[in-house]
1. Spot the failing condition for E176; the list is (1) on the phi > 0 side of the Ramachandran plot; (2) within 16 Å of the chain's Cα centre (by Cα); (3) modelled with pLDDT under 90, and only one is missed.
2. Name the single residue, out of those in segment 314-352 being charged (D, E, K, R) and in the same structural domain as P243 (by TED's automatic domain parsing), that is most open to solvent (accessible area, probe 1.4 Å).
3. So how many residues does segment 230-246 have that are of a type in the set (G, A, S) and surrounded by fewer than 20 Cβ atoms within 10 Å (Cβ to Cβ)?
4. If I filter segment 177-184 for residues that are under 20 Å from A52 (Cα atoms), away from ligand 2 (no atom under 16 Å from the Cβ) and of a type in the set (V, I, T), do I get at least one hit?
5. Anything in segment 333-349 that is part of a helix (DSSP H, G or I) and closer than 16 Å to A222 by Cβ? List them, or say none.
6. Tell me, please, whether a residue that is part of a strand (DSSP E or B), open to solvent by 50 Å² or more (accessible area, probe 1.4 Å) and in the same structural domain as E315 (by TED's automatic domain parsing) can be found in segment 262-271.
7. Can you pull out every residue in segment 292-313 that is open to solvent by less than 60 Å² (accessible area, probe 1.4 Å) and under 22 Å from T252 (Cα atoms)?
8. Evaluate segment 276-286: report whether one residue or more is assigned to a strand (DSSP E or B), more than 29 Å from Q196 (Cα to Cα) and open to solvent by 20 Å² or more (accessible area, probe 1.4 Å).
Amino acid sequence: MTQVTLSGLTKIFDEKSPPAVDQLDLEIESGKLTALLGPSGCGKTTTMKMIAGLLRPTSGDISFDGDSILSIPPEDRGAVMVFQNYLLFPYMTIAENIGFGLKMRKVDRMEIRTRVTDMLDLVQLPGFEDRKPRQLSGGQQQRIALARALIVQPNVLLLDEPLSNLDAHLRDEMRELIRRIQTEMGITTVFVTHDQEEAVVLADRIALLFDGRLQQFDVPDAFFESPQSVEIAKFFGGTNFIPGHYEGGEITTSIGRFRAPRSAVGGGDAVLSIRPEAVTLGADGGNSVMGRIRSHVYVGRYARFRVTLGDIEVEAITDPGQVKLFNDGDEVPVTFDSNKIWVIGPASSSVE
Ligand SMILES: Nc1ncnc2c1ncn2[C@@H]1O[C@H](COP(=O)(O)OP(=O)(O)OP(=O)(O)O)[C@@H](O)[C@H]1O
Ligand SMILES: [Mg+2]
């Protein structure tokens, strides 16, 4: 197992543009799956290529188990990368594709054959040895690309958006397969995605990047419960924001004052954030204000209400039965569960 450490890792392609990767510090835990998450162009592939040795960093360091690997050539690093567009060699059979890395390492032909068979079993495609890539579906080719990477028994597996070409059903299956293999083999894995749901489902930890800079490195639920900025909370979606002033565990906003013991900031200008599931309608208690229902939809498993509170509007997701209790235009008490309010610093103007 291998611990991967990035320190001050920076890549500048072009002096006139901002760095593609900017002073990235990251401890990628041994044997765990870490997701590198962020919007298109934020530097995910660039980071992976530097770890794999396919791109030289402009500055900073990468170490495996405490030793810098910058001077070690890619083939000797023990890291393999599966690319965004998982190209298989079209004229080779599946067995030749999977065995390619071992052939390069001059492994005995009989041993290659045995290990290819084992790999095909592992990715649940037994008997596919003699087919050509074009005779496989997209999902099957994806699994072959994974098998081709795993057969060399890497210490570090780098998967660059491996599921982006698959439909939703196959993607779920592949996620489970990758998770199972990764856990069984205990292989240190970095998984790139721009899909926050995929990161949450798969990862032990998520590193969120915007514009080449690390925003937050945390366990998945922390991005919902305690995002460190408004931009991060927005990236994870579905949150209400109300600007205010925070002091002594209370936030004062244009619609009232709320108890809010949980916060990312000490005090001053701040934003109250609360997820729609933590907004309740109809129960008058602490942390309540009167609102007016503007619209609602019944979604089956839940109901979604839009409620006007003074000059702002919030979304509430409730038990579906509540559509029978409230009509559009009704005045209702709206309660924010104080333990689910999370106070964040004001939005920075640089990222939207
Ligand atoms: N070889 C290159 N030369 C110049 N600029 C590059 C090069 N490769 C990437 N970039 C730039 O670096 C930035 C980061 O690119 P990168 O491919 O790492 O993004 P990404 O996060 O993988 O995006 P995506 O989700 O679209 O794959 C982008 O602005 C991109 O245009
Ligand atoms: Mg990319």
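The values are calculated or read from the model by the stated rules, or taken from the named source; none is laboratory data. These numbers come from a predicted model, not from an experiment. FYI the Cβ positions are ideal-geometry reconstructions off the backbone, even for glycines, and counts take in every protein chain you see. Heavy atoms of the whole protein, side chains included, go into the accessibility calculation; ligands, DNA and RNA do not. Shrake-Rupley method; radii C 1.70, N 1.55, O 1.52, S 1.80 Å.
1. Only one criterion is unmet by E176, namely (1).
2. First, pick out the residues of segment 314-352 that are charged (D, E, K, R): 315, 319, 324, 328, 330-331, 337, 340, 352.
From the residues that got through so far, the ones that are in the same structural domain as P243 (by TED's automatic domain parsing) too are 315, 319, 324, 328, 330-331, 337, 340.
Values: E315: 38, D319: 100, K324: 174, D328: 80, D330: 50, E331: 110, D337: 61, K340: 115 Å².
Ranking the candidates gives K324 first.
3. As a first pass, look at segment 230-246 and keep what is of a type in the set (G, A, S): 233, 237-238, 244.
Keeping just the survivors that are surrounded by fewer than 20 Cβ atoms within 10 Å (Cβ to Cβ) gives 237-238.
Qualifying residue count for the region: 2.
4. Our first condition is that a residue be under 20 Å from A52 (Cα atoms); within segment 177-184, this holds for 178, 182.
Of the ones still in play, those that are also away from ligand 2 (no atom under 16 Å from the Cβ) are 178, 182.
Imposing the further condition that a residue be of a type in the set (V, I, T) reduces the set to 178.
Yes: segment 177-184 contains one or more residues that are under 20 Å from A52 (Cα atoms), away from ligand 2 (no atom under 16 Å from the Cβ) and of a type in the set (V, I, T).
5. At the first step, the residues of segment 333-349 found to be part of a helix (DSSP H, G or I) are 338-340.
Listed by number, the residues that qualify are N339, K340.
6. Step one: list which residues in segment 262-271 are part of a strand (DSSP E or B), which gives 263, 268-271.
Pick out the ones that are also open to solvent by 50 Å² or more (accessible area, probe 1.4 Å) and you get 269.
After this cut, where a residue has to be in the same structural domain as E315 (by TED's automatic domain parsing) as well, the list is 269.
Yes - at least one qualifying residue is present in segment 262-271.
7. Passing the criteria: V307, T308, L309, I312.
8. no
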